[in-house]
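Following: one structure in structure tokens, then a few remarks.
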Amino acid sequence: MERQIIVKAKDGLHARPAAIFVKAASDVGSPVTIGMAGQTPVPANSILAVMGLGVRCGDTVILSSESEQALDVLDGLLSHVEE
Amino acid sequence: MRRGSEPVPGALLAPGTDPAVAVERLQGAAEAVACKLEQIACESEGSASEVLEATALIARDPSLLTAAGDLVMCENLSPDRAIWEACEGVASQFEAIGGLMAERVTDVRDVRDRIIAHVTGQGDVGIPERPEPFILVATDLAPADTARLDPAWILGIVTRDGGATSHTAIVARERGIPAVLGLAEAEEITDGVDLLIDGTKGTVVIGPTKAQVRDAEAKAKARAARSFSGKGHTADGHRIKLLANIGDARGAEAAAAGGAEGVGLFRTEVAFLGRTDAPTVNEQAREYRRVIEIFEGKTVTIRTLDAGADKPLPFLHMPPEENPALGVRGLRIAELHPTILDDQLAAIAMACDGVDTEVRVMAPLVASVGDAARFKDACTRHGIDESGVMVEVPSAAIMAKEILAVASFASIGTNDLTQYVMAADRMNAPLAKYIDAFHPAVLRMVAQVCQGGAANGRPVGVCGESAANPALAVVFAGLGIASLSMAVVSLPDVAHVLASTTMEQCRRLAHAALDCATADEARRIVTEGLPVLADLD
């Protein structure tokens, strides 16, 4: 399943927010991918791939996973990181 | 030469190597690097800690390791070449994106260099190989890594991070390796370019002219000609012992070769840094024994573990403190972890056995007569007679007479004494103007300790960085200091200036400095009174 999320972190998915997101994605127990419209999705547990997307604040990302719960966790994180 | 030089393009696995085993080795190295980075992150604070945690995630990045693993499996590349190519792939992609991403390229390359160092068996730090001695340029270098460098091979160090009073700088100076730290341009230095560095002035010339090289060589030659005879004295024959500050046996060898009369400060924490567990009594005894043997027939002053504040030790599991410089550090750790001190004293007693070296032991950060008495008792229990104190805390300087009625000797650590007297963190760059051992407030403290020593017939020495300043050495001698301990490279200059100055002149300049109102005034008066300083440059 997929979910579209607007990223709220001030720096987008870069440096610290990216590290927090990747750590969480490594811990959810199911593989998750993250992508942006028109780009190939990348594994959410790879900091290099996630930073390589160049996601900025306000961008919409698409998370995809077999696990609804994993999506809930990461959705909460991306919508609420306020830095 | 830059740290992290490129493995030969197309370098293949050694014939007969199982690629699957090589991939496992690469993964093991990456995991070790990630753990190490997390450990350093724990020991750091604020943004540095966050950056290091993110860097640890890079070392553990599954896509990166898969890419490198594929290069080993499918193209038979050696693990170091494979991780190099995988990281360069990411780095060029990030550079193409630019902006914030381009800034992360440094982290990717740092991870790359660390993994390559690990997988090629060079330990934590990747010291590149080269057929001739060279200057090492790196983003950063840990004190523990610096302590392992070979001064005969590494002619100098230039790093982007760190500063002149950081631990790495002190370790490098002790090992006689000229070091320029905190140079922003270090990142732009390319591999193989000629460099002219001056560790004393903190300058780097990239691609110097022939005239500049000739000039530098002439100065180095003049400096080498001022070798140290092995006995410090004033022009009229008053003895001032000139000792060396060391951190390990290799430092002791360099100090002995440089003519030091003994060791005035053996910083034992160097052997503890970068360890996740405390060294055993036997391990410590072996290290101390090597130093004690090198200085057979001379004096070795061992300072017990000085951790805390800027030197955290992971195995002590100390909670973060609001104000570490005023917290549990130095001798205070022994209150919470008595076995650390007991083990250390047992190791020292064991190491002294049967060697004809005068071994003295001193405690860091002594603040009261009670501290000195407890330390003396602990030493006595281990059969160690010569137990002294470091004077770094103003209360110890003020109470020197009473403390030296208990302690056998005192050694003044001017770096810490200055920061405590002036209430100015010595690592805090904007406060640098307060950190000046020429300040009359500091000099009056030193004078007070000397008086306390004289009242009890106990020797007082100086082992801070200021002892290496020839002008201050004269002032200290004039105040009644019996020994000066410094980085071995500074011995010839200090010996030269002392040998050209009479004790009467030392006393006159010392008293003139004590009477000044400011550090600048004291420095000017002393410098003007010592024309011999002009010989030094």
Filtering the range B:225-243 down to residues that are among the small types (Gly, Ala, Ser) and closer than 23 Å to B:ILE294 by Cα, which residue is least open to solvent (accessible area, probe 1.4 Å)?
-> B:GLY232
Among residues belonging to the range B:417-428 that are open to solvent by 60 Å² or more (accessible area, probe 1.4 Å) and within 18 Å of the chain's Cα centre (by Cα), point out the one that is modelled with the highest pLDDT.
-> B:ASP425
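Among the residues of the range B:265-288, is any closer than 22 Å to B:ALA407 by Cβ and either among the hydrophobic types (A, V, I, L, M, F, W, C) or open to solvent by 80 Å² or more (accessible area, probe 1.4 Å) (or both)? Show your work before the answer.
Step one: filter the range B:265-288 for residues closer than 22 Å to B:ALA407 by Cβ, giving B:265-269, B:288.
With the extra rule that they be either among the hydrophobic types (A, V, I, L, M, F, W, C) or open to solvent by 80 Å² or more (accessible area, probe 1.4 Å) (or both), the set shrinks to B:265-266.
Yes; the residues of the range B:265-288 include at least one that is closer than 22 Å to B:ALA407 by Cβ and either among the hydrophobic types (A, V, I, L, M, F, W, C) or open to solvent by 80 Å² or more (accessible area, probe 1.4 Å) (or both).
Can you pull out the residues in the range B:486-523 that are among the charged types (D, E, K, R) and either surrounded by fewer than 18 Cβ atoms within 10 Å (Cβ to Cβ) or modelled with pLDDT of 95 or more (or both)? Please lay out each step first, then the result.
Filtering the range B:486-523 for residues among the charged types (D, E, K, R) gives B:493, B:504, B:507-508, B:515, B:520-521, B:523.
B:GLU504, B:ARG507, B:ARG508, B:ASP515, B:ASP520, B:GLU521, B:ARG523 - these are the residues of the range B:486-523 that are among the charged types (D, E, K, R) and either surrounded by fewer than 18 Cβ atoms within 10 Å (Cβ to Cβ) or modelled with pLDDT of 95 or more (or both).
Check the range B:348-356 and report whether any residue there is touching a His at 6+ places or on another chain (Cβ under 8 Å), at pLDDT 95 or above and open to solvent by less than 60 Å² (accessible area, probe 1.4 Å).
First pass over the range B:348-356, keeping only residues touching a His at 6+ places or on another chain (Cβ under 8 Å): B:348-349.
Checking the rest, the ones that are also at pLDDT 95 or above come to B:348-349.
Going one step further and asking which of them are open to solvent by less than 60 Å² (accessible area, probe 1.4 Å), we end up with B:348-349.
Yes, the conditions are met somewhere in the range B:348-356.
Of the residues in the range B:183-201, how many are on the phi > 0 side of the Ramachandran plot and not in a loop (DSSP other than H, G, I, E, B)? Talk me through it step by step, then tell me what you get.
Step one: list which residues in the range B:183-201 are on the phi > 0 side of the Ramachandran plot, which gives B:192.
When the remaining residues are screened for being not in a loop (DSSP other than H, G, I, E, B), the result is none.
The number of residues fulfilling the criteria is 0.
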Note on the range B:318-330: residues modelled with pLDDT of 85 or more and either open to solvent by 20 Å² or more (accessible area, probe 1.4 Å) or out of contact with any strand residue (DSSP E or B) (no Cβ under 6 Å at 6 or more places or on another chain) (or both) are B:ALA325, B:LEU326, B:GLY327, B:VAL328, B:GLY330
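Could you please let me know if A:VAL22 is open to solvent by less than 70 Å² (accessible area, probe 1.4 Å) and either more than 24 Å from B:ALA59 (Cα to Cα) or away from every other protein chain (no Cβ under 12 Å) (or both)?
Working: open to solvent by less than 70 Å² (accessible area, probe 1.4 Å): yes; either more than 24 Å from B:ALA59 (Cα to Cα) or away from every other protein chain (no Cβ under 12 Å) (or both): no.
No, not satisfied.
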Out of B:GLY69, B:GLY89, report the one residue that is away from chain A (no Cβ under 13 Å) and either part of a helix (DSSP H, G or I) or open to solvent by 30 Å² or more (accessible area, probe 1.4 Å) (or both).
-> B:GLY69
For the range B:249-264, the count of residues that are buried (at least 21 other Cβ atoms within 10 Å of the Cβ) and not in a helix (DSSP H, G or I) equals 5
Does any residue in the range A:32-58 that is over 21 Å from B:THR66 (Cα atoms) and away from chain B (no Cβ under 12 Å) come within less than 8 Å, Cβ to Cβ, of a residue that is hydroxyl-bearing (Ser, Thr, Tyr) and open to solvent by 10 Å² or more (accessible area, probe 1.4 Å) six or more places away or on a different chain, and which pairs are these?
-> A:MET36/A:THR60; A:ALA37/A:THR60
Any chance the range B:360-379 includes a residue that's more than 26 Å from B:ALA437 (Cα to Cα), part of a loop (DSSP other than H, G, I, E, B) and in contact with a helix residue (DSSP H, G or I) (Cβ under 6 Å, 6 or more places away or on another chain)?
-> no
Verdict on B:ALA473 being farther than 25 Å from B:ASP416 by Cβ and crowded, with 24+ Cβ neighbours inside 10 Å | no
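What is the residue count in the range B:357-383 for residues that are open to solvent by 10 Å² or more (accessible area, probe 1.4 Å), over 25 Å from the mean Cα position of the chain (by Cα) and over 17 Å from B:ALA396 (Cβ atoms)? Steps first, answer last, please.
So in the range B:357-383, the residues open to solvent by 10 Å² or more (accessible area, probe 1.4 Å) come out as B:357-360, B:367-371, B:373-374, B:376-377, B:380-383.
With the extra rule that they be over 25 Å from the mean Cα position of the chain (by Cα), the set shrinks to B:368-371, B:373-374, B:376-377, B:380-383.
Checking which are over 17 Å from B:ALA396 (Cβ atoms) leaves us with B:377, B:380-383.
So the answer is 5.
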Working only within the range B:454-468, note down all residues that are part of a helix (DSSP H, G or I) and open to solvent by 30 Å² or more (accessible area, probe 1.4 Å).
-> B:ALA454, B:ALA455, B:ASN456, B:GLU465
When residues of the range A:25-53 are filtered for being within 11 Å of the chain's Cα centre (by Cα), under 15 Å from B:ALA54 (Cα atoms) and open to solvent by less than 30 Å² (accessible area, probe 1.4 Å), how many remain?
-> 7
For B:VAL204: the one exception among (1) part of a strand (DSSP E or B); (2) within 25 Å of B:VAL389 (Cα to Cα) | (2)
Looking at (1) buried (at least 22 other Cβ atoms within 10 Å of the Cβ); (2) within 14 Å of chain B (Cβ to nearest Cβ), can you tell me which one A:VAL61 breaks?
-> (2)
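The values are calculated or read from the model by the stated rules, or taken from the named source; none is laboratory data. Quick caveat: nothing in here was measured; it's all calculated off a predicted structure. Using ideal geometry, Cβ is built from the backbone for each residue, glycine included, and neighbour counts are taken over all protein chains shown. Ligands, DNA and RNA are stripped out before the accessible areas are found, and what is left, the full protein with its side chains, is counted by its heavy atoms. Shrake-Rupley method; radii C 1.70, N 1.55, O 1.52, S 1.80 Å.
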